[in-house]
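Student: Quick one: the structure is below, questions incoming.
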Amino acid sequence: MNLLPFGKLSEFKPRQFVPSGADLGNWDAIAPLFDRLEARAPQCKSTAEFERWLLDWSELSAALDQESSCRYIAMTCHTDNEEAKRAYLHFVENVEPQIKPRQFKLAQTYVEHPLRSQLPRPRFNVFDRDTKLQVELFRPENVPLETEEAKLGQQYQELVGSLTVQFQGEERTLPQMARFLEETDRSVRKEAWELVAKRRLQEVGRFEEIFDKLLGLREKIAANAGFKNYLEYAFRARGRFDYTPEDCRKFHDAIEQEVIPLLRRLQAERKAKLGLDSLRPWDTAVDPLNRPPLRPFEKVEQMTERTQTIFRHVDSGLANGFKTMRENRLLDLENRKGKAPGGYQSTLAEARLPFIFMNAVGLQRDVETMLHEAGHAFHALATRQEDLYAYRGAPIEFCEVASMSMELLGNEFLEEFYAPAEANRARRKHLEGIIEIFPWIATVDAFQHWIYTHPGHSRAERSKAWLALMDRFGGDIDWRSHEEGRANLWHRQLHIFLHPFYYVEYGIAQLGALQVWANSKRDKAGALTAYQRGLSLGGSRPLPELFQAAGCKFDFSVKTVKPLIEMVQKELDQLPLK
Ligand SMILES: [Zn+2]
């Protein structure tokens with residue numbers, strides 16, 4: 001395939017197990033490698049041999065991962081290319097389903113191996129813990145339930161994707177409607193918002209039905225695995241060894257106590273600037289001074305160059321990493337016909353190099369995405385020396401510290417893109433976004449705590465629980481005459497349907513990022529050294545140690561939240577709305 005933006009990348013270390021030139025898109029070439037690993041395990045007679053076996057397994061996993069990534073990248077860079085699409089789908093449909101059970105078999109082989117307990121500690125603690133968990137939680141009777149769950153997730157996405165409205169003479173999808181909420185003409189915003197809300201409400205029955213089925217399946221999955229409810233199961237299954245449901249509930253309390261007052265203050269300021277009697281749901285996205293959108297750059301090359309300069313200001317090591325990515329064409333940034341939407345960072349697991357994909361069009365959002373994905377890329381670069389594939393990736397709670405920190409650290413130098421007043425406007429918007437997202441995270445998380453600990457609840461009770469959380473975390477938005485939309489607002493949150501309990505991670509990570517930023521204000525060099533030290537550990541240590549290495553506390557009680565929100569408030573005070 002020569003549809004990749006980058007040229008041929010050599011492996012970070014020469015392969016020792018996977019034959020060079022093996023066709024990794026062909027299961028017949030892959031299966032013998034799994035056979036060999038399975039057969040070899042019982043023959044390992046020393047820990048050195050067993051470690052070699054683990055590294056060979058690692059090498060195979062990385063090679064397959066990179067094969068999958070390359071096909072995904074080629075497909076998203078050329079959605080109009082049939083060959084790229086076929087190659088990607090072939091891998092997803094014919095190769096990956098074969099890989100999964102074989103990977104699980106190797107995990108089982110590892111867990112049952114007599115030499116396992118003799119592997120060096122603490123080096124293998126996390127790997128051991130995670131692999132054991134994977135084997136322990138597996139129940140064959142859950143496999144068809146999980147397939148059913150995935151199908152319902154698909155139905156949810158199909159339903160959401162099918163929704164359109166007729167607006168200003170055109171049929172538009174709901175994501176396309178979002179930009180009208182930034183219109184300075186309030187009647188346009190109102191009409192756009194109400195159309196979307198109404199369209200969603202027409203499907204309430206279907207959203208509820210899909211969710212009821214998901215709930216039933218999840219309760220069964222948890223019971224099959226021997227858990228008293230799905231909350232307990234999900235915490236295990238997500239590998240949350242280092243925090244409990246109770247810690248999350250304390251986090252919700254801390255957000256209520258420390259963030260909500262600031263949220264209300266920001267909402268009051270917005271209301272005053274817009275000259276409104278009350279802030280309605282369609283008034284939250286518009287610029288409060290009715291200014292046109294910021295234009296940070298004309299051409300994507302300018303964005304790349306200015307981002308490079310920002311990294312030079314932040315840290316020379318990071319700047320070099322970004323330079324390497326540019327030189328190796330590991331960036332595909334500009335929006336063009338035939339590209340998939342959105343942005344992502346992907347890691348080429350054998351070359352141990354990151355790749356960034358996005359669709360930049362010249363908005364401040366692009367600058368934010370660039371800094372965010374670069375943070376993920378720096379994480380990948382920092383773990384290049386790690387030979388155990390599993391340790392080159394970290395838990396999401398820490399991965400997002402890498403990326404969100406980079407947004408905050410990079411924003412200090414937005415003058416590379418803007419005049420000072422505009423740079424402050426962008427910074428203010430970013431910080432307001434942080435204050436707004438915490439309460440939403442708490443709402444979504446607390447709601448799921450309620451759902452999965454109230455078996456047999458009715459739809460009406462569920463709705464009541466949601467509304468109570470909206471009262472607690474929603475601030476001062478006036479929902480009059482849209483009560484039904486408010487009661488069903490959670491239907492919008494994909495995670496509740498597709499990835500239960502996966503959301504609080506963003507809040508936990510944001511606390512880490514704010515701590516890195518706070519550290520950098522006191523001691524920039526020290527904070528950046530710690531940040532990179534944390535990143536370089538990959539996933540080799542438990543979360544509290546990753547946070548600690550990066551100079552942060554892994555704690556989300558009021559003790560941590562309070563000073564961080566005070567800092568954000570102080571920053572906002574210095575960035576007045578003009
Ligand atoms: Zn991210």
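Student: Using only the alpha-carbon atoms, how far is helix 186-201 inclined from the longest principal axis of the chain? Give it as 0 to 90 degrees, nearest 10.
Tutor: 50
Student: A further question follows. State the percentage of accessible surface on region 284-429 attributable to carbon and sulfur atoms; use a 1.4 Å probe and exclude ligands, DNA and RNA.
Tutor: Summing carbon and sulfur atoms, their accessible area is 49 percent of the total for region 284-429.
Student: Also, quick follow-up: What's the center-to-center distance, using Cα atoms, between region 1-71 and region 252-314 in Å?
Tutor: 46
Student: Out of region 271-378, which GluC sites (Glu not before Pro) are coil in DSSP terms and have no more than 12 other C-beta atoms within 10 Å?
Tutor: Passing both the DSSP loop test and the Cβ count: Glu298.
Student: Still on this structure, I have one more. With the cut-off at 1.5 for a/c, could you classify region 221-313 from its C-alpha gyration tensor as rounded, prolate or oblate?
Tutor: Oblate, because a/c is 1.5 or more while a/b does not exceed b/c.
Student: Now a separate question. Take the alpha carbon atoms of region 338-371, find their center, do the same for region 479-539, and report the distance between the two centers in whole angstrom.
Tutor: Here the two parts' Cα centres lie 19 Å apart.
Student: Continuing with the same structure: Please turn the phi angles of region 308-314 into ³J(HN,Hα) values with the Karplus equation 6.51 cos²θ - 1.76 cosθ + 1.60 (θ = phi - 60°), one per residue in order, whole Hz, x for glycine and proline.
Tutor: Each residue's phi maps through the Karplus curve to give 4, 5, 4, 5, 4, 5, 6 Hz.
Student: Right, another one. With contacts defined as alpha carbon pairs under 8 Å and 6 or more residues apart, what's the relative contact order of region 312-426 in percent?
Tutor: Rounded, it is 22 percent for region 312-426.
Student: Starting at the first residue of region 464-473, write each ³J(HN,Hα) from the Karplus equation 6.51 cos²θ - 1.76 cosθ + 1.60 with θ = phi - 60°, in whole Hz, x for Gly and Pro.
Tutor: 5, 5, 5, 5, 4, 6, 5, 4, 6, 10
Student: Another one. Can you find, among Gly216, Pro5, Ala380, the residue sitting farthest towards the positive end of the charge dipole of the chain, where Lys and Arg contribute +1 and Asp and Glu -1 at Cβ?
Tutor: Farthest towards the positive end: Ala380.
Student: A further question follows. Just name one of Val204, Leu318, Ser61: the one whose Cα is farthest towards the positive end of the charge dipole of the chain (beta-carbon charges, Lys/Arg +1, Asp/Glu -1).
Tutor: The listed residue farthest towards the positive side: Leu318.
Student: Please identify every one of the trypsin sites (Lys or Arg not before Pro) in region 245-345 that sits in a loop by DSSP and has no more than 13 other beta carbons within 10 Å of its own beta carbon.
Tutor: Here the sparse-neighbourhood loop sites are Lys299, Arg329, Arg336, Lys337.
Student: List the residues, sorted by chain then number, that are 5 or more residues from Leu331 or on another chain and whose placed amide H is less than 5 Å from its amide H.
Tutor: Amide H to amide H, under 5 Å and 5 or more residues apart or across chains, Leu331 pairs with Ile356.
Student: Counting each DSSP H run of 4 or more residues in the chain as -39500 (n - 2.57), what helix-only mean residue ellipticity at 222 nm follows after dividing by all residues, to the nearest 500 deg cm²/dmol?
Tutor: -20000 deg cm²/dmol
Student: Sticking with this one: For the charge dipole of region 445-578, defined by +1 on Lys and Arg C-beta atoms and -1 on Asp and Glu C-beta atoms about the Cα centroid, which residue among Ala530, Gln510, Leu494 has the Cα displaced farthest towards the positive pole?
Tutor: Farthest towards the positive pole: Ala530.
Student: Check Ala360: other-chain or 5+ apart residues with amide H under 5 Å from its amide H, H built from backbone geometry?
Tutor: Under 5 Å from the amide H of Ala360: Glu334, Asn335.
Student: Amide H neighbours of Leu4 under 5 Å, at least 5 residues apart or on other chains, H built in the peptide plane: list them.
Tutor: none
Student: Additional query: Can you list which of the GluC sites (Glu not before Pro) found in region 111-156 are DSSP loop residues with at most 12 other C-beta atoms within 10 Å?
Tutor: Glu141
Student: Compute the separation of the alpha-carbon centres of region 412-443 and region 450-475 and state it in Å as a whole number.
Tutor: The two parts, judged by their Cα centres, are 31 Å apart.
Student: If you line up the long axis of helix 47-77 against the longest principal axis of the chain, both from Cα atoms, how many degrees apart are they, to the nearest 10?
Tutor: 50
Student: Through the Karplus equation 6.51 cos²θ - 1.76 cosθ + 1.60, θ set to phi - 60°, convert the phi angles of region 453-458 into ³J(HN,Hα) values in whole Hz; use x for Gly and Pro.
Tutor: Calculated HN-Hα couplings, in order: 10, 10, x, x, 5, 8 Hz.
Student: By how many degrees, between 0 and 90 and to the nearest 10, does the Cα long axis of helix 260-274 differ from the longest principal axis of the chain?
Tutor: Compared with the principal axis, the helix lies near 50 degrees.
Student: Under 8 Å for C-alpha pairs, at least 6 residues apart: give me the relative contact order for the chain, rounded to a whole percent.
Tutor: Worked out over the chain, it gives 18 percent.
The values are calculated or read from the model by the stated rules, or taken from the named source; none is laboratory data. These numbers come from a predicted model, not from an experiment. Note that we place each Cβ from the backbone using ideal geometry, even for glycine, and neighbour counts take in every protein chain shown. Side chains are part of the model used for accessible areas, which takes the heavy atoms of the whole protein and leaves out ligands, DNA and RNA. Shrake-Rupley method; radii C 1.70, N 1.55, O 1.52, S 1.80 Å.
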